1. How long is the chain along each principal axis, judged by its Cα atoms, biggest number first, in Å?
2. Counting other Cβ atoms within 10 Å, which GluC sites (Glu not before Pro) in the stretch 1-90 have at most 10 and lie in a DSSP loop?
3. Measure up Lys53/Lys158; Lys219/Lys259; Lys35/Lys157; Lys86/Lys119; Lys383/Lys430 against 22 Å on the Cα-Cα distance and list the ones that go over.
4. If you take the beta carbon distance between Leu177 and Ser244 as r and set R0 to 22 Å, what does 1/(1 + (r/R0)^6) give as a FRET efficiency, to the nearest 0.05?
5. Sticking with the crude label model, points 7 Å out along Cα→Cβ, report the distance from Val480 to Glu115 in nm, one decimal please.
6. Enter the Cα centre distance for the pair the stretch 173-250 and the stretch 364-408, rounded to the nearest angstrom.
7. Can you compute the label reach from Lys75? Point 7 Å from Cα along the Cβ direction, backbone N cut-off under 19 Å, restricted to the stretch 310-329.
8. Could you work out the Kirkwood radius for the stretch 162-292, taking every pair of different alpha carbons, averaging 1/r and inverting it, reported in Å?
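Please treat every number below as a calculation from the coordinates, not as lab data. This one's a predicted model, so the numbers in the text were calculated from it and none came from an experiment. Here the Cβ is made from the backbone with ideal geometry for all residues, glycine too, and neighbour counts use every protein chain on show.
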Amino acid sequence: MGDIAFAPLNESHLSLLLYWLETPHVKLWWDQDIKWTAELIQDKYAHYINGYKKFTIKEKTIEKPIHAFIILFKKMPIGYIQYYNKRDFPPEQEYDISELPASCAGLDWYIGEVEFTAKGIGTKALGTFLKEHVFSLFNHVLVDPDTTNTKAIHVYKKAGFTVIKKTKIGNFSDGELRVEVQDNIEENVIIVQSMSHPVNDHLMELLLLVDTVKRDGAKNITALIPYFGYSRQDRCTYKYGPISASLVIKILEAAGVTKVVTLDLHSKQLEGVFNVPIINLDPANTFIPNMTKEVKKIIISITGASGAIYGIRLLEILKEYDLETHLIISKSANLSIATETSLSINEIKNLADYVYNPSDIGAKISSGSFKVMGMIIAPCSMKTLSAIASGFENDLTIRAAGVMIKEQKKLALMTRETPLSPIHLENMLKLSRIGVAICPPVPAFYNKPTTLDDIVNHSITRVLDLFDIETNLIKRWQGV
């Protein structure tokens, strides 16, 4: 949604978490007593990548689902966010799990890059995340900021949260709903409550919450209802029957709702029934621009040199961006992949949007009319280098590379060979002089890499820099 996006947490993000959790503005509120190391990060967050969290209750290890993401701003990783079913986890605060609403998510997050704090980005990211990932599954969200963390509380308020230390929603023995707000209420209150299944329970919860905050002093009560139940019953379709949508609107207004925000009411005419301000958000305004905009394309080729991991890592990284990837895997690369990795060819192909047979010399990427930002060959064998330098276009990789040269598009070759012969060097020089980027994967040690991913990420980042693709996976040189 606009500049904000979310990437599921993966192995390559763990070094980022280590860096963020040790920055002062994050550490102030997150695990102050822990000195994070790569091993501790791996031990805690590796399970999150697989979608669950481990914890121990009464000497018994329990696994519960958790959904972890990296926050991206203009495709740059800037923070971390996670959500889970609040009932699945033992609360640290003093409330009973039975007091929680039936459908309640827990949420934790932070902006790790300090230069992106205090700019409204956090509020925007939080609102977008709730809409895209949480409210499709849960009707309530409970957050537990430290009461002295005024900045976080301010962000939550701007995003529409109401400060409620304890809200009891339960049932009496006869099944009636019981709602209690155990805190003082401000004059302006926003209640987020969808009316999805079970619609009647959720409607009554909303009405009782509205009445509760109204009695406690709220003057302006906004009901944010992502799914407006009964809105399809906006007319009488049989001889004797109610107009249910109109009745629900009148009940909400009578309870004390002073403004309604909803998404895609069944009909625009229904807006006229409201006597309070109504904002009916149109999802088309969000989705159509993304559906019609031109997507940038990039070609990735994996050839038979040692170092298939570089091509694979490229695909993994680019999958998180709004880019269309076109993949070629040479016949000899199949052997390298089988020898050097535990991945199947199909698993690698699934990382790309389009996959081509290396012998398909007539594929669309072989034409200069195919609009593409450029091509990366990773790794690039000396055979491939030689063929490109001589213009011997006998397969799709060489043909596509030749097209990049003649169309003056970016072409980067992650050449793999040592020692280099005079022929290799002459071919590199020849291509470099006509604008081809020669990028042998050379590790940098000023970052003190501790894992293979650290080493690979550095070389990949330097190549993607040539295409103005910011990864933020490495710590850049800051001088001595």
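1. Here the Cα extents, ordered largest to smallest, are 86, 59, 40 Å.
2. Numbers: sites: Glu11, Glu22, Glu39, Glu59, Glu63; in loops: Glu22, Glu59.
Counting only loop positions with at most 10 other Cβ atoms within 10 Å, the GluC sites (Glu not before Pro) in the stretch 1-90 are Glu59.
3. On the way: Lys53/Lys158 30 Å; Lys219/Lys259 11 Å; Lys35/Lys157 31 Å; Lys86/Lys119 29 Å; Lys383/Lys430 15 Å.
As for pairs spanning more than 22 Å Cα to Cα, those are Lys53/Lys158; Lys35/Lys157; Lys86/Lys119.
4. Details: r = 20 Å, r/R0 = 0.90.
About 0.65, to the nearest 0.05.
5. Reported label-point gap for Val480 and Glu115 is 2.4 nm.
6. Value for the Cα centre distance between the two parts: 61 Å.
7. Residues 311-328 fall inside that zone.
8. Details: mean 1/r = 0.0627 Å⁻¹.
Mean inverse Cα-Cα distance, inverted, gives 16.0 Å.
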